[in-house]
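Report on one structure; see the data block that follows.
Nothing in this text is a laboratory measurement; each read-out follows from the coordinates by a stated rule. Computed from a predicted structure; not experimentally measured. Cβ atoms come from the backbone with ideal geometry, glycine included; neighbour counts cover every protein chain shown.
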Amino acid sequence: ARRDAVLTEAARRLAAVVRGGDLVIRTVGDEFVVVIEGAEELESVELVAAVVDALDLPFGLSSSMSSGSSSALDLESGPGEGRTAVTAGVGMCIPSSATSIDLALHTARLALDEAKRTGRDRVHIIGR
């Protein structure tokens with residue numbers, strides 16, 4: 001229940017920081033994909049910074065929720081009762097206009113894997 005509450009709140013926060021036409025998709029486990037179409041490179045980087053900032057805030061959870069463990073989602077006790085901190089790795093692909101969605105998603109996955117490999121709260125960007 002605790003992990004589900006964190007994932008629900010993470011999805012809400014992601015949806016709140018992206019633009020109206022962008023997509024937020026939960027893929028597997030604790031991973032989300034944000035599809036940002038038609039943005040300039042700088043705007044995309046600013047949106048990634050907003051995503052990181054949104055997930056960096058402590059998550060308030062009811063003390064009645066069970067404290068189940070999670071191997072993929074890194075939950076830490078935060079300041080105050082019922083507060084949980086989440087660390088997030090972010091992989092970003094800035095594709096060329098000729099890149100297919102499959103290739104862009106694959107490249108973003110590689111960037112995410114690199115962000116996770118190098119430690120917590122990392123962003124890794126693979127450019128054009």
* Taking 7 Å along the Cα-to-C-beta vector as the label spot, tell me the ARG117-ARG12 distance in nanometres, rounded to one decimal. => 3.6
* What does a probe at VAL35 reach in region 88-107, counting residues whose amide N is under 11 Å from the point 7 Å along Cα→Cβ? -> 101-102, 105
* In whole angstrom, note down how far apart the Cα centers of region 12-46 and region 98-122 are. => 14
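What does the charge count near GLU46 come to, summing +1 for each Lys or Arg and -1 for each Asp or Glu among other residues with Cβ under 13 Å from its Cβ? Display every interim value, and only then the final one.
On the way: positive: ARG19; negative: ASP22, GLU40, GLU41, GLU43, ASP53.
With Lys, Arg at +1 and Asp, Glu at -1, the neighbours total -4.
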